[in-house]
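Chemist: First, the structure itself, so that you have it in front of you.
Values quoted throughout were computed directly from the atomic coordinates according to the rules given, and no laboratory measurement underlies them. All figures in this text were calculated on a predicted structure; none of them were measured in a lab. No Cβ is skipped: glycine too gets one built from the backbone with ideal geometry, and neighbour counts run over all protein chains shown.
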Amino acid sequence: MRARYNGSVPIRLIAMDIDGTLLDSHAQLPDENLQAVTEAAAAGIEIVIVTGRRFEFARSVADALPCDLHLIVNNGAVIKSKSGETHQRLLLDAHIARQLLDATGEYRNEATVFFDRPDGKQVILERVDWDDPLRGGYFRRNREFIGEVEPLTACLDGEDPIQVMYVGACERIREARKIVEALPISDEFTVAITEYEHRNLSMLDVLRRGVNKGAALAEWAGRRGIQRENVMAIGDNWNDREMLEYAGLPVVMGNSVPELKTLGWSVTLSNDECGLAEAIHRHALRDRKTGGTR
């Protein structure tokens, strides 16, 4: 799907991914991006963070931005305000999650179940390897939210999760994806894939049917009375595709997975070159700076 953007239409909402987009390759927030987002918010543009991260893990990034904003987290399953007020929550049926885990027993070490809980354990694994070369850093930074339950399916007794996620080396998760998508119940859930081939890291999210970043962004824009033509979305990975397809102005990061760059959308600089800031200045703030009108 190609952009429908008309240069005479003002940007009223900027939807941005976190990892690989707002943050650089060292997971730091560059000053240029901070300043550009702050300037856009001051100009009256609504800011929405749209991420695969869960709320508590995204909140530290949101708190670094000195403006009001909302967060679409867990790849579209949950919409919250910066303060934590829930606006939408679309959970995965525990019965479906249990069948999924039962069918993918050989990938139990890669599996995680996420819950939307105000406190306590939100991230459940069967066993946690705190020194895991791929996930150890995440585990240690989120230690207070992580719990162990064996067997993992026991965590599903009486509560629907947000999602089931598989994390591991790219080829290993691609194999898991084939199994998941071939299940007889595959029409009862949605999958989202995120890959960082340079790190040999992949994440497969299994969510409630119909849940994705684009559907959640459309829902939020509708609530705010903002037309899709007035929405700019910026992302870098497979799980951003629906969000980019929805937006009137989709912008792909220079460090994006190559396939997203073939769809005719605007391409900005990489996350290490502050491509987010460049896109905001080029598309959303240009006429405000020159005094022109759209």
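Chemist: How much net charge surrounds THR190 when only the other residues with a Cβ under 12 Å from the Cβ of THR190 are counted, with Lys and Arg +1 and Asp and Glu -1?
Modeler: So the surrounding residues net to -2.
Chemist: Can you list the HN-Hα couplings for segment 234-244, worked out from phi with the Karplus curve (6.51, -1.76, 1.60; θ = phi - 60°), rounded to whole Hz and with x for Gly and Pro?
Modeler: My calculation for segment 234-244 gives 10, x, 9, 9, 4, 6, 8, 4, 4, 5, 5 Hz in order.
Chemist: Still on this model: For the chain, what is the mean residue ellipticity at 222 nm derived from helices alone (per DSSP H run of n ≥ 4: -39500 (n - 2.57); sum divided by total residues; nearest 500 deg cm²/dmol)?
Modeler: Here the helix-only value at 222 nm equals -7000 deg cm²/dmol.
Chemist: Also: Using +1 on the beta carbon of Lys and Arg, -1 on that of Asp and Glu, and nothing else charged, what's the dipole of the chain about the Cα centre, debye to 20?
Modeler: 980 debye
Chemist: Right, another one. Kindly identify the chain as rounded, prolate or oblate by the Cα gyration tensor criterion: order the square roots of the eigenvalues as a ≥ b ≥ c, call it rounded if a/c is under 1.5, otherwise compare a/b with b/c, prolate if a/b is larger, else oblate.
Modeler: prolate
Chemist: How high is the relative contact order of the chain, given as a whole-number percent (alpha carbon pairs under 8 Å, six or more residues apart)?
Modeler: Computed over the chain, the figure is 23 percent.
Chemist: Using the Karplus curve 6.51 cos²θ - 1.76 cosθ + 1.60 with θ = phi - 60°, what ³J(HN,Hα) values do you get for each residue of segment 136-150, in whole Hz, with x for Gly and Pro?
Modeler: Those phi angles translate into x, x, 5, 4, 5, 6, 10, 3, 5, 9, 9, x, 10, 9, 10 Hz.
Chemist: Using amide H atoms built 1.01 Å from N in the peptide plane, name the residues 5+ places from GLY168, or on other chains, whose amide H lies under 5 Å from its own.
Modeler: SER202
Chemist: Next question. Name the residue, out of ALA27, ALA277, ALA216, whose mean-square fluctuation peaks in a Gaussian network model built on the chain with Cα pairs under 10 Å.
Modeler: Most flexible of the set in this elastic network: ALA27.
Chemist: Take the alpha carbon atoms of segment 205-225, find their center, do the same for segment 102-121, and report the distance between the two centers in whole angstrom.
Modeler: About 22 Å separates the Cα centre of segment 205-225 from the one of segment 102-121.
Chemist: What's the exposure ranking of ASP17, ASP129, ASP24, ASP93, going from fewest to most Cβ atoms within 10 Å?
Modeler: Going from least to most buried by this count: ASP129, ASP93, ASP24, ASP17.
Chemist: Looking at segment 75-129, which trypsin sites (Lys or Arg not before Pro) are in a loop (DSSP not H, G, I, E or B) and have at most 11 other Cβ atoms within 10 Å?
Modeler: Here the trypsin sites (Lys or Arg not before Pro) that fit, given the DSSP loop and packing criteria, are ARG127.
Chemist: Mean separation of Cα pairs under 8 Å and 6+ residues apart, divided by the residue count of segment 136-294: what relative contact order is that in percent?
Modeler: 13 percent
Chemist: Let me ask something else. At what distance in angstrom do the alpha carbon centres of segment 136-184 and segment 73-90 lie from each other?
Modeler: Using only Cα atoms, the two centres lie 20 Å from each other.
Chemist: At a 10 Å Cβ-Cβ cut-off, how would you order THR38, THR112, fewest neighbours first?
Modeler: THR38, THR112
Chemist: Sticking with this structure for a sec: Which residue fluctuates most in the GNM of the chain (Cα springs below 10 Å): GLY275, GLY84, GLY76?
Modeler: GLY84
Chemist: Using the Cα centre as the reference, give the magnitude of the dipole from point charges on the C-beta atoms of segment 94-208 (Lys, Arg: +1; Asp, Glu: -1; all else neutral), rounded to the nearest 20 debye.
Modeler: 280 debye
Chemist: Looking at this model, which pairs from LYS82/LYS121; LYS121/LYS261; LYS82/LYS178 are more than 29 angstrom apart at the alpha-carbon?
Modeler: Pairs exceeding the cut-off: LYS121/LYS261; LYS82/LYS178.
Chemist: Working from Cα positions, state the angle (0 to 90°, nearest 10) between the long axis of helix 94-103 and the longest principal axis of the chain.
Modeler: That works out to roughly 70 degrees.
Chemist: Pull out a ≥ b ≥ c, the square roots of the eigenvalues of the alpha-carbon gyration tensor of segment 94-208, then state rounded if a/c is under 1.5, prolate if not and a/b is larger than b/c, and oblate in the remaining case.
Modeler: In terms of gyration-tensor shape, oblate.
Chemist: Lys/Arg Cβ at +1, Asp/Glu Cβ at -1, dipole of segment 96-235 taken about the Cα centre: which of TYR107, ALA176, VAL231 is farthest positive-ward?
Modeler: Working it through, the farthest residue towards the positive pole turns out to be VAL231.
Chemist: Treating the angle as unsigned and between 0 and 90°, give the value, to the nearest 10°, between the Cα long axis of helix 31-42 and the longest Cα principal axis of the chain.
Modeler: Rounded to the nearest ten degrees, it is 70.
Chemist: Can you put ASP102, ASP132, ASP187 in order, fewest other beta carbons within 10 Å first?
Modeler: Ranking ASP102, ASP132, ASP187 by Cβ neighbours within 10 Å, fewest first, gives ASP187, ASP102, ASP132.
Chemist: Let me know the shape class of segment 9-164, please: from the alpha-carbon gyration tensor, a ≥ b ≥ c as square roots of the eigenvalues, rounded when a/c is under 1.5, otherwise prolate if a/b is greater than b/c, or oblate.
Modeler: Prolate, since a/c reaches 1.5 and a/b exceeds b/c.
Chemist: Please find, in a Gaussian network model of the chain (springs between Cα atoms separated by less than 10 Å), the residue of GLU56, GLU181, GLU85 whose mean-square fluctuation is greatest.
Modeler: Result: GLU85 has the largest fluctuation of those listed.
Chemist: Let me ask something additional. Could you work out how much longer the chain between GLU188 and GLU56 gets when fully extended? Use 0.36 nm per residue separation minus the Cα distance between them, nm to one decimal.
Modeler: Difference between extended and current length: 44.8 nm.
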